[in-house]
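A.B. asks: Submitted below is the structure of interest, expressed as structure tokens.
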């Protein structure tokens, strides 16, 4: 059985009874596209929508969608945390703040429930995986990372290019002050790779500690714009919460009340980039968040 | 041991063991003289960055007496012991800046390690007082230059900052530097006078205007020859119009200078320096001892000026000229980057894989290769590479991080090891 999770044709390997219980039932087929959608009205997630409340255009062509789940889809939450000095105490992860940092991660893990998974990557010039995606509850021990350069672009791309298995919703939450010094990749490289990412990228932008010296307190404008673009294109959001668990609560609230739409592309050329546009047809003003497209290979 | 003794022992450990101890300068020099190098430096730094100025003062005050203690026969060796201790200590203090886990601590190490330049200069003067220079002393001068390169202290190394390219005879600036640095100005000239013709010192002199090389390469801010020509003309015109004597990174914009004009001046200065660096480095490119390093610089500078074929040739030569994995890695990595920019993805992949063969699982080549593969739709291959890199133990800093900054692919560890070995003999 092959399923394409937003453009990534992958083998759906159902291996156990537990798997069957945990995963929503996906339609079998070779060309199925899965789109995770969050619908907000005045900032509040909107439950209770049905398939015909959605209109989905794939490269401008109307598609028949199936609403396969209104239930909570298992989450893979990848935290990507700038471990440098400019990020708030809660996410700093230094020796001094190790206790608070560990507590914050525990608080985050408490917001999840099995079979959700939590992963933690921290970066300065080094990108380190403190916790590979693991089913909650989890224990985190974070060693200090030298406060050298900040490879934000590289860390974001590394997270974006590690897809989750089908049947799970992948959320990347990036904690940063919006500064990058020393990445191999440029902001332009990052945005060019968004099409290859199956996750919704949320960005918690720390503006309180601000950069010192020549750069403004709100980060490098080019980098910040890149983060906004990545969040928008993947169906995520840029938040300005300084408190880690509070930010995560907000992110998870959106994700938990999301919808999973599937469709087999009809009437559109398969090869290349597909732009997706999802709207809600019910009366009213809705903020619909979903990835903006996928690459068919 | 009775309970009572145990408690006394614990008390002593708490009282003396866990508190930063301020060893006297003489004790530290004795330890270093005995070959207990790490112990001496560890103890010297135990008081944290704040203890360094006092320590430096004590070494300069007590050092001459300690050197004289052994009589004339042992004085030459003791001078070298003291001198090596000073640069070993300063490098470790500067490492504190690079590796501290908090901003405040990092800045404290930076501030105080800079204050150690008077100590290094004291050692320099100490060695220069003798009429001839021994091979070990020559190593000391080369190592001290490497140290200052890594600290990126331009007046200390060159006697002036990079603004001298634009304003070579500004007496106010020179007076200020004299006041700030005293005798610790132009250490490279002191070293060159003791080790004339040394390849690494020639390289250090030629690297003077390479400061912006890494920034331009990292940010892919390349200029085509016609863009550079236009920038040169605009920059020169603005310099004359504004009576400009060099922008400098920390200068406030004067009244009337628009952001656009400031950008032109800044870019003109940046690329002007790179052009000067290319001339200086080309002059030493024939020196076999340093040609791999020179090639890396010249390749990067050629890339800054969008001369991809020229840059590629420089990078391709590196592996033939050196076995230093850091330099070889960067040669392959940069070649991959050019190939990728030129749309030659297969060649780019080969070059990135060659870099990863040189130093496996390294973050920079992993990320670049993963991005390249993902663009080709090979996301699973990209993810596997990233997983492998994140799961690997890295026993050295990524050459991309250290290699493109000043003092990149540092020879410091081998220079220090050689000095220490010489002192042990």
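A.B. asks: What relative contact order, as a whole-number percentage, does the range B:283-358 give when Cα pairs under 8 Å and 6 or more residues apart are counted?
C.D. replies: Details: 90 pairs, mean separation 17.9, N = 76.
Relative contact order here is 24 percent.
A.B. asks: Determine Rg/Rh for the range B:190-232; Rg is computed over alpha-carbon atoms and Rh is the Kirkwood hydrodynamic estimate from the same atoms. Present the calculation step by step, with values, prior to reporting the outcome.
C.D. replies: Numbers: Rg = 15.7 Å, Rh = 12.9 Å.
Ratio of gyration radius to Kirkwood radius: 1.22.
A.B. asks: How high is the relative contact order of chain B, in percent, counting Cα pairs under 8 Å that sit 6 or more residues apart? Could the numbers behind the result be given before it?
C.D. replies: Working: 483 pairs, mean separation 54.3, N = 425.
It rounds to 13 percent for chain B.
A.B. asks: A further question follows. Other chains' Cβ within 10 Å of A:176-182 residues: what's the mean?
C.D. replies: Numbers: counts 0, 0, 0, 0, 2, 3, 9.
Other-chain Cβ atoms within 10 Å of each residue's Cβ, averaged: 2.
A.B. asks: Here is a further query. Using only Cα atoms and rounding to the nearest 10 degrees, what angle (0 to 90) does helix B:308-321 make with the longest principal axis of chain B?
C.D. replies: Long axis of B:308-321 versus the principal axis of chain B: about 40 degrees.
A.B. asks: Related question: Between residue B:74 and residue B:107, take the C-beta separation as r, use R0 = 41 Å, and let me know the FRET efficiency to the nearest 0.05. Numbers along the way, then the final one.
C.D. replies: Values: r = 40 Å, r/R0 = 0.98.
Calculated value: 0.55.
A.B. asks: In µm²/s, what is D for the range B:17-126 at 37 °C and 0.692 mPa s, where D = kT/(6 pi eta Rh) by Stokes-Einstein and Rh is the Kirkwood radius from Cα pairs?
C.D. replies: On the way: Rh = 14.0 Å.
Result for D is 235 µm²/s.
A.B. asks: Rounded, prolate or oblate, given the Cα gyration tensor of the range B:77-176, with a/c below 1.5 counting as rounded? Working shown, then result.
C.D. replies: Values: a/c = 2.30, a/b = 1.10, b/c = 2.09.
Cα axes put the range B:77-176 in the oblate bin.
A.B. asks: Here is a follow-up. What FRET efficiency comes out for residue B:323 versus residue B:282 if R0 is 41 angstrom and r is the Cβ-Cβ distance? Round to the nearest 0.05.
C.D. replies: 0.95
A.B. asks: Quick one: check the C-alpha center-to-center distance for the range A:154-202 versus the range B:29-101, whole angstrom.
C.D. replies: 46
A.B. asks: For the residue pair residue B:309 and residue B:183, what label-to-label distance in nm results when each label sits 7 Å from Cα along the Cα-to-beta-carbon direction?
C.D. replies: Rounded to a tenth, the inter-label distance reads 5.4 nm.
A.B. asks: For B:328, A:37, what ranking results if the residue with the fewest other Cβ atoms within 10 Å of its Cβ goes first?
C.D. replies: Details: B:328 24, A:37 21.
Listed from fewest to most nearby Cβ atoms, that is A:37, B:328.
A.B. asks: Label point 7 Å out from residue A:285 along Cα-to-Cβ: which residues of the range A:44-74 have amide N under 14 Å?
C.D. replies: A:44
A.B. asks: When only Cα pairs under 8 Å and 6 or more residues apart are kept, what is the percent relative contact order across the range B:64-190?
C.D. replies: Details: 101 pairs, mean separation 29.0, N = 127.
Averaging sequence separation for qualifying contacts and normalising by length gives 23 percent for the range B:64-190.
A.B. asks: So, by mean Cβ neighbours within 10 angstrom, what's the order for A:149-160, B:357-368 with the highest one leading? Let's see the in-between values first.
C.D. replies: On the way: A:149-160: 27.3, B:357-368: 22.8.
Result, highest mean first: A:149-160, B:357-368.
A.B. asks: Right, another one. Would you mind computing, in nm to one decimal, how far apart the modelled labels at residue A:106 and residue B:219 are, each placed 7 Å from Cα along Cα→Cβ?
C.D. replies: 4.3
A.B. asks: Continuing with this model, one more query. Report, to the nearest 10°, how far helix B:325-341 tilts away from the longest principal axis of the Cα atoms in chain B, using its own Cα long axis and a range of 0 to 90°.
C.D. replies: 20
A.B. asks: Could you order peptides B:305-316, A:186-197, A:162-173 by the average number of other Cβ atoms within 10 Å of their residues, highest first?
C.D. replies: On the way: B:305-316: 18.6, A:186-197: 20.5, A:162-173: 23.7.
With the highest mean Cβ count within 10 Å placed first, the list reads A:162-173, A:186-197, B:305-316.
A.B. asks: What would the Debye equation give as log₁₀ I(q)/I(0) for the range B:283-407 at q = 0.15 Å⁻¹, counting only Cα atoms as equal point scatterers?
C.D. replies: -0.66
A.B. asks: Calculated from DSSP H runs of 4 or more alone, at -39500 (n - 2.57) each and per residue, what is the 222 nm mean residue ellipticity of chain B, nearest 500? Let's see the in-between values first.
C.D. replies: Values: 23 runs with 301 residues, N = 425.
The helix-only estimate for chain B comes to -22500 deg cm²/dmol at 222 nm.
A.B. asks: What ranking do B:173-183, B:389-399, B:268-278 get when scored by the average of other Cβ atoms within 10 Å per residue, highest first?
C.D. replies: Values: B:173-183: 13.6, B:389-399: 15.3, B:268-278: 20.5.
So the peptides B:173-183, B:389-399, B:268-278, ranked by packing, come out B:268-278, B:389-399, B:173-183.
A.B. asks: Counting partner chain Cβ atoms within 10 Å of every residue's Cβ in B:217-227, what's the average? Walk me through the numbers before you get to the answer.
C.D. replies: Working: counts 0, 8, 6, 4, 1, 0, 0, 0, 0, 0, 0.
So the per-residue partner count for this stretch is 2.
A.B. asks: What is the helix-to-structure angle for B:117-128, meaning the angle in degrees between its Cα long axis and the longest Cα principal axis of chain B, kept from 0 to 90 and rounded to the nearest 10?
C.D. replies: It is inclined by approximately 80 degrees.
A.B. asks: Can you give the average number of partner chain beta-carbon atoms within 10 Å of each beta-carbon in peptide B:377-390, as a whole number?
C.D. replies: On the way: counts 7, 2, 13, 4, 1, 8, 5, 1, 2, 9, 4, 0, 3, 8.
Average neighbour count from other chains, rounded to a whole number: 5.
A.B. asks: Additional query: From the alpha carbon gyration tensor of chain B, can you work out the equivalent ellipsoid semi-axes (sqrt of 5 times each eigenvalue) and give them in Å, largest to smallest?
C.D. replies: Details: eigenvalues 328, 175, 96 Å².
With the √(5λ) rule applied to chain B, the semi-axes are 40, 30, 22 Å.
Each reported figure results from applying straightforward, stated rules to the coordinates on display, with no laboratory input. Everything quoted here is computed from the prediction, not taken from an experiment. Quick reminder, even Gly has a Cβ in these numbers, built from the backbone with ideal geometry, and neighbours come from all protein chains shown.
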